[in-house]
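Structure record follows, encoded as C-alpha cells.
The values are calculated or read from the model by the stated rules, or taken from the named source; none is laboratory data. Owing to the predicted nature of the structure, the values given are computational and were not obtained by experimental measurement. No Cβ is skipped: glycine too gets one built from the backbone with ideal geometry, and neighbour counts run over all protein chains shown. To get the accessible areas, we keep the full protein, side chains included, count just its heavy atoms, and leave off ligands, DNA and RNA. Shrake-Rupley method; radii C 1.70, N 1.55, O 1.52, S 1.80 Å.
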Amino acid sequence: MLVWFLPLFLVLILIGLPIFFALLAAPGAMLLLNGQERDFALLYRNLYNGMDSFPLLAIPFFMLAGEMMNSGGITRRLVEFSEAMMGHLRGGLAHVNILSSMLFAGLSGSAVADTSALGSMLIPAMEQQGYTRKFAAAITAASSVIGPIIPPSGIMIIYAYVMGQSVAALFLAGIVPGVLVGIGLMLMVKFMADKHGFPPASKKHTWPERGQASLRAFFPLMTPVIILGGILGGVFTPTEAAAIAVAYALIVGIFILRTLRWGDLPHILMRAGLTSSVVLLLVGAAMAFKTVVSLAHAPEALAEFILGLSQNPLILLFLINILLFVVGMFLDAGPAIIVLGPILAPIFTGLGVDPIHFAIIMSVNLTVGLATPPMGLVLFVAAAVSKERVETIARAILPFLAVEVAVIFLITYFPAISMTIPRLTGFAN
C-alpha cells in the first residue's frame, strides 16, 4: 500500500485536484484496491473528528480578528508607522513592506491575509515609485511568510493540537525566528537597493512625526501584547485569547478609531468564515489521511528508513530540512504538519532534539513553502493582487527564498535562537 499510496497522492495534486480532495481520494483509492471498504468509515469519521476540537476554534477567531483589523483601516496605520520609521532608507518601500508584514503578523497570523491586505496597498505604490511589478509582488510574497511565524500563528496552533505541545511555548519560540527572517530580508533589500539604486519612499521623518505615527498605530500594536500577555499570564487560553482579539478588534474599529461600521460586519464575517472553512476542511481531511496512512504502517516504515540513513542528528536534521522544503512546494503547511508531524517528531525527540525546537524547525520550513513554486499559495495570491504571472514572481523571489532557507538552517543548528525566550519564561526546559 505504501509503495503506491504517496505517488498517487502526489499525482493527484500535480494534475490539479484540490488538496482537500487529494487527501481523501488517495487513501480512499488504496483502501478500495486492497479490499478494505469497511475502513471507508474512518475517512468521513475522522474528517469530522479532526475539525471537532476546542483548540482549533482559535483559528477562525484569529482570522476574524485579522479581517476586522484590515477592514477597519488598521493595516494602513501600520504601513504609515512603518514608513515613518524606515521610509527614508534606500529601497524604503521594500523595507516598509517587510516591517509592515512583521507588524501585521501580530494581528492575523496568516500569510494569505498578509499578502492580500498589504499587497493591494503596497504593490501599486511600489510600482509608482519605479520598482518593477514582479519585484514588488516577490517581496510581498516573501515577507508574508513571517505572518505564521510571529505569534499568533494558525500553523503553530495546528502543530500544538496534533502533537500535544504548549501553544504558548510555540508562540514564544516563534518570535526570534520571525524577526530574524524579517532582518534577513531587509539585508537582502539593502544589498539590492544599493546595487540597483532603489529610491527612498519619503524624506526622513522627524521624531515628532514618528511619535504621531506611533500614536495612530498604538491600538493595533497592542493586539499581540494583549494576546501574548493574557496567555503567558494565565488569564486565558489561546482559544480564549483569539476570542478576546476579536472583541478588541471590534471595540477598536467601531468605538475608538471609528473606522469600522456595523454594516461592514456581514461581509467581514463571510470572508472570515470562508477562509476558516478552507483551513478547517484541510485539517479534517489531513487527520483522515493520517489515520488511513497509519493502517499501512507508513510512519514505522519511514522512521526505519530515516534512521537507516544515519544516527547523527545533525545530518538527519539537514536531510529532513530538505525533505520539508520539497514537501512545502506541493502541500499546504497545515496538512503537511498533521501528516508528517507524528511521523518525524518522535524520531528526532528520540535523538535528543527538544520537541519545541523541532516544532519551530518544521513550522518555519513549511511556512516558507507557502512562497515556493510550483504550488506556493502566497505566490498565487500575490499574482492575483499584482496581475503578474506566477512564473515571473517565482523567479524574482529566489534571492529572498535563499535568505529564508539560510535562516531555517540557523534555527536548526543554533537551538538558542528559538528556545531562549520559552526557557526564560519557564515554558520549556
Query raised in the report: So which residues in region 213-251 are touching a residue at least 40 places away in the same chain (Cβ under 8 Å), over 30 Å from Gly426 (Cβ atoms) and in a helix (DSSP H, G or I), if there are any at all?
Result: Ala213, Ser214, Arg216, Leu250
Query raised in the report: Inside region 336-429, counting only helices (runs of 4 or more DSSP H) that do not spill past its ends, which hold 3 or more residues that are surrounded by fewer than 21 Cβ atoms within 10 Å (Cβ to Cβ)?
Result: 377-386, 390-396, 398-413, 416-424
Report task. Taking only region 259-277 into account, find how many residues are open to solvent by less than 100 Å² (accessible area, probe 1.4 Å), in a helix (DSSP H, G or I) and touching a residue at least 12 places away in the same chain (Cβ under 8 Å). Result -> 8
Requested in this report: Evaluate the following for Thr237: is it open to solvent by 30 Å² or more (accessible area, probe 1.4 Å) and over 22 Å from the mean Cα position of the chain (by Cα)?
Outcome: no
Query - All positions within region 308-325 that are part of a helix (DSSP H, G or I), modelled with pLDDT under 85 and not small (Gly, Ala, Ser) - result: Leu309
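Provide a single number: the residues in region 37-60 that are crowded, with 24+ Cβ neighbours inside 10 Å and of a type outside the set (Gly, Ala, Ser).
1
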Query raised in the report: Does Leu24 fit the bill of being touching a Leu at 6+ places or on another chain (Cβ under 7 Å), open to solvent by 30 Å² or more (accessible area, probe 1.4 Å) and either under 24 Å from Glu300 (Cβ atoms) or touching a residue at least 40 places away in the same chain (Cβ under 8 Å) (or both)?
Result: yes
Query raised in the report: Among Ser100, Ser116, which is within 21 Å of Arg77 (Cβ to Cβ), within 16 Å of the chain's Cα centre (by Cα), modelled with pLDDT of 85 or more and part of a helix (DSSP H, G or I)?
Result: Ser100
**Report entry** Residue check, Gly154 in contact (Cβ under 8 Å) with a residue 60 or more places away in the chain, within 28 Å of Asn429 (Cβ to Cβ) and open to solvent by 10 Å² or more (accessible area, probe 1.4 Å)
**Finding:** yes
Query raised in the report: Looking at region 197-211, which of its residues are open to solvent by 80 Å² or more (accessible area, probe 1.4 Å) and either under 20 Å from His95 (Cβ atoms) or in contact with a strand residue (DSSP E or B) (Cβ under 9 Å, 6 or more places away or on another chain) (or both)?
Result: Lys203, Lys204, Trp207
Query - So Ile146, is it under 20 Å from the mean Cα position of the chain (by Cα) and either farther than 26 Å from Arg395 by Cα or hydrophobic (A, V, I, L, M, F, W, C) (or both) - result: yes
Report task. Give just the number: which of (1) at positive phi; (2) assigned to a helix (DSSP H, G or I) does Pro60 not satisfy? Result -> (1)
Query raised in the report: Does any residue in region 384-397 that is polar (S, T, N, Q) come within less than 6 Å, Cβ to Cβ, of a residue that is open to solvent by 30 Å² or more (accessible area, probe 1.4 Å) six or more places away or on a different chain, and which pairs are these?
Result: Ser386/Arg133; Thr392/Lys134
